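Single-structure report; data block below.
Every number here is computed from the coordinates shown, using simple stated rules; none is lab data. Predicted model, so just to flag it, every value in this text is computed and none were measured.
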Amino acid sequence: MTPNACLPHSYAMDIPIEELTFEAALKELEGIVSRLESGDAPLDQAIALYERGDRLRRRCDDRLNAAQARIEAIRADGEGRAIGTQPFVAG
């Protein structure tokens, strides 16, 4: 049995998680969370949903971290003119 064999068709996507956009991964994750919260999934399916949801969560986290690393803050001189950029520092 494949890892996605217990998942409903909407969750057993042909696209590997690593190839999903952030938006597609988040949408699928939201659907999985909703399904798990409903309590309607049999145990085996709930476990498979949870496992896929965890992989989707990690994908979203990785994509957000990559986006954050690309954000740059513009440095300005005393007159407000841009003089360069510096890496974004969260905090």
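Computed values, structure above
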{"item": "Stretchable slack from LEU64 to GLU30, in nm (0.36 nm times residue separation minus alpha-carbon distance)", "result": "10.6 nm"}
{"item": "Added length on full extension, which subtracts the Cα-Cα distance from 0.36 nm per residue, ASP44 to THR21", "result": "5.6 nm"}
